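Each value in this text was obtained by applying a stated rule to the coordinates, not by laboratory testing. As the structure is a computational prediction, the values presented were derived from the model and not from experiment. Quick reminder, even Gly has a Cβ in these numbers, built from the backbone with ideal geometry, and neighbours come from all protein chains shown.
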Amino acid sequence: MAPQQTHRSGFAALIGRPNVGKSTLLNQLTGEKLAIVSPKPQTTRNRILGVVTRPEGQVAFLDTPGIHQAKGELNRYMVDIALQAVDDVDLVLFVVEPTGGEKPEVGPGNRFILERLQKAGKPTFLIINKIDTVPKPVLLPLIELYRNEFPFAEVVPISAKDDDGVEQLFKAVLQHMPEGDPLFPEDVLTDQAEKTLVAEYIREQVLRHCRQEIPYSTAVLVDFFDESEREPPPGTPPGKLAGLIRIAASIYVERDSQKAIIIGKQGQMLKTIGTDARKAIQRLLGAHVYLSLRVRVEPRWSERPEGLKKLGYE
Ligand code: GDP
Ligand code: K
Ligand code: MG
């Protein structure tokens with residue numbers, strides 16, 4: 001008789017400064033685009049669950065907003081979410097990118113997070129992401145510097161973008177999960193509703209196409225999601241988009257001037273955002289999508305608790 005394999009399951013949180021590649025890593029681990037990605041900070045605003053299920057175990061990863069010292073209601077909200085996640089998991093994956101070029105350094109932003117992790121006292125991996133961007137020799141001294149700051153259970157260099165080291169990382173994470181039965185049914189991938197993902201895919205296109213100050217002031221809400229014609233007619237070959245989903249969503253900004261930027265000359269910017277978002281949403285939903293977007297102004301929403309609540313951040 002073959003020996004019974006131990007089944008492990010638990011939670012692991014991706015924690016780190018903005019832009020180090022936490023969301024890219026979540027997507028690579030799960031093989032799905034659960035979290036939007038952009039070169040701008042504050043891309044991830046909520047905690048995002050991504051579940052990986054294998055015969056030998058299950059890991060529920062939590063992607064989180066970047067931790068940084070910044071003012072403002074929305075920033076506080078995001079940092080709280082990230083720090084809360086640390087308390088809720090079995091293992092912390094502290095993600096960093098190589099910094100300091102030829103002379104590697106940890107830096108104040110990472111030290112600030114490490115202080116919090118010291119207090120939390122959870123088993124923690126150091127994930128050095130973006131190793132595709134540096135020559136190999138800088139990694140050893142960098143690891144040395146980090147090891148002097150914190151007793152990491154493991155150090156794993158990866159490139160989330162190139163899928164380099166990600167499988168090894170998953171195996172190491174699983175070894176640190178407690179023994180136990182799966183926490184989620186095996187077909188569960190995330191706890192995000194389709195409507196939430198749709199709103200995020202639209203926000204991603206705003207991040208992609210608009211310049212710096214716009215993204216921070218933007219939130220997206222789905223107003224209308226009609227899937228009454230979602231099912232393709234009987235006899236449609238598998239894989240062929242045949243059903244239709246009608247979606248209306250609002251892009252919220254804080255000022256009229258921002259609204260004008262998102263709409264663009266003769267509506268060109270909004271059209272581009274809509275076209276690109278629709279393509280991504282069609283892939284997500286596996287049906288044709290009719291997407292109608294409008295831009296609304298909600299003054300200073302990101303500075304007010306009621307504003308945050310109204311736009312879905314609570
Ligand atoms: P997050 O803010 O930590 O969630 O970071 P994102 O996942 O949004 O990524 C921030 C930026 O870093 C994006 O432009 C990504 O394409 C880029 N990025 C993420 N992982 C890698 C990597 O392994 N190598 C390189 N070169 N870029 C990466
Ligand atoms: K980002
Ligand atoms: Mg992110």
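Cβ-Cβ distances below 6 Å connect no pair with a first residue in region 184-211 that is free of Cβ contacts under 8 Å to residues at least 60 places away in the same chain, a second residue that is part of a helix (DSSP H, G or I) and among the small types (Gly, Ala, Ser), and a separation of six or more residues or different chains.
Out of region 204-243, which residues are aliphatic (A, V, I, L, M) and farther than 16 Å from LEU284 by Cα? So that I can check it myself, show each step before the final result.
Here is the first cut: in region 204-243, the ones aliphatic (A, V, I, L, M) are 206-207, 214, 219-222, 241-242.
Result: VAL206, LEU207, ILE214, ALA219, VAL220, LEU221.
Here LEU117 clears all of (1) over 23 Å from PRO65 (Cβ atoms); (2) touching a helix residue (DSSP H, G or I) at 6+ places or on another chain (Cβ under 8 Å) except the condition numbered (1). Out of the residues in region 19-36 that are touching a strand residue (DSSP E or B) at 6+ places or on another chain (Cβ under 6 Å), part of a loop (DSSP other than H, G, I, E, B) and closer than 16 Å to ASP191 by Cα, which is farthest from ligand 3 (Cβ to nearest atom)? The qualifying residue farthest from ligand 3 (Cβ to nearest atom) is LEU34. Checking each residue in region 1-60 for being touching a His at 6+ places or on another chain (Cβ under 9 Å), within 7 Å of ligand 1 (Cβ to nearest atom) and more than 16 Å from ILE127 (Cβ to Cβ) picks out only PRO41.
The residue list GLN69, GLN42, GLN118, GLN84 contains one member that is part of a loop (DSSP other than H, G, I, E, B) and more than 14 Å from ligand 3 (Cβ to nearest atom), which is GLN69.
Looking at PHE61, PHE150, PHE112, just one residue is closer than 18 Å to THR30 by Cα and either touching a residue at least 12 places away in the same chain (Cβ under 8 Å) or of a type outside the set (D, E, K, R) (or both), and that residue is PHE61.
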